[in-house]
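Some notes on the structure that comes next.
The values are calculated or read from the model by the stated rules, or taken from the named source; none is laboratory data. Please read all numbers here as calculations on a predicted model, not as lab measurements. Every residue, glycine among them, receives a Cβ derived from its backbone with ideal geometry; neighbour counts consider all protein chains shown. Only protein heavy atoms, including side chains, enter the accessible area calculation; ligands, DNA and RNA are left aside. Shrake-Rupley method; radii C 1.70, N 1.55, O 1.52, S 1.80 Å.
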Amino acid sequence: ILNRLTPKSKYNIVFGFWSMFMGIGIAISIFLGPFLNSWQSLWLINAGLTFFILFIIIFKVPNTEINNSNFAKNISLKKDILKVFKSRNPFLLAISFAAYNIIFFSVFTFLPLFLINRMGISASQSGVVCGAVILSSIVGNIGSSILLNRDIEAKKIIIFSNIFIGVLGIGIFLPFTPNILAILLCFLFSIISGLIPATIVSLAPLSSPDKNLISLCIGLVMQGNYLGLVIGPLAIGLAISFSGWTAAIIPVVIFAIIGSLSSLLLKLKKE
């Protein structure tokens, strides 16, 4: 199937599948967690999988050698970094990626506890529900590839997705939202938020001021991803500790606005 597609279509599909595997990993972790003896067991399993992947990379991934002897001479890391720093697009994408992860992990880090406290279900039942919710983000991951291949503007996908997940986040954490409706909103939240990561990564190369700086720009955008992973649980944890579950609405709405605005300000070159 891939051989019949244009390079652009292949590119979008690859990033859609790349995003999908993060959701699969999180879902498996949440499914298994309640059935293990302790959190240490889960960490040991993850460590074992990490070493297994390292083994595959070392022995199965072929080496790529650069034959151009002038390649190293043309690199000026200091100048390249300064050039990327002067370009606003990579920073805007990094901010947008950070905002997405803050929202996503603000909701799903505490979702099992939220369901247990709100609905009185067991930890294992909560794990099943949360795993299914996070797996539904795969629909959004693949959906982003379809939308991009239909020439829907990437900026619009990110902006409208942020608006929708901000509204859905409010509905999830409102105290008077019926339990069943809250779960349905979680599924919608997961599906729509799944549109964002692959779309952002597909824009990362276009944010580069120079084709030789694409790798640096992608690296900067990914740093926004990792920053969001750190800030998200802290932000919602602080909000909940002060004012209860309803306060989780605050970081969700704030960073949905930040994600939308940072994407709106993008001025990217044509593919």
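Tabulated results
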quantity	calculated
Count of residues meeting criterion [of a type outside the set (V, I, T) and either in contact with an Asp or Glu (Cβ under 9 Å, 6 or more places away or on another chain) or closer than 17 Å to P197 by Cα (or both)] in segment 235-267	9
Residue match in segment 213-223 (condition: modelled with pLDDT of 85 or more, under 22 Å from V128 (Cα atoms) and of a type outside the set (V, I, T))	no
Spans of helices (runs of 4 or more DSSP H) in segment 141-248 with at least 2 residues among the hydroxyl-bearing types (S, T, Y) and surrounded by fewer than 15 Cβ atoms within 10 Å (Cβ to Cβ)	214-243
Count of residues meeting criterion [of a type in the set (S, T, N, Q) and either touching a strand residue (DSSP E or B) at 6+ places or on another chain (Cβ under 7 Å) or within 15 Å of I170 (Cα to Cα) (or both)] in segment 98-119	1
Which listed residue, of L238, L188, L195, L229, is out of contact with any strand residue (DSSP E or B) (no Cβ under 7 Å at 6 or more places or on another chain) and under 24 Å from F85 (Cβ atoms)	L229
Filtered residue count, segment 109-134, keeping only those that are in a helix (DSSP H, G or I), open to solvent by 40 Å² or more (accessible area, probe 1.4 Å) and small (G, A, S)	2
Criterion (hydroxyl-bearing (S, T, Y), surrounded by fewer than 14 Cβ atoms within 10 Å (Cβ to Cβ) and at pLDDT below 80) met by exactly one of S106, S76	S76
From the options I142, I157, I165, residue that is over 30 Å from S241 (Cα atoms), within 15 Å of the chain's Cα centre (by Cα), at pLDDT 90 or above and of a type outside the set (S, T, N, Q)	I157
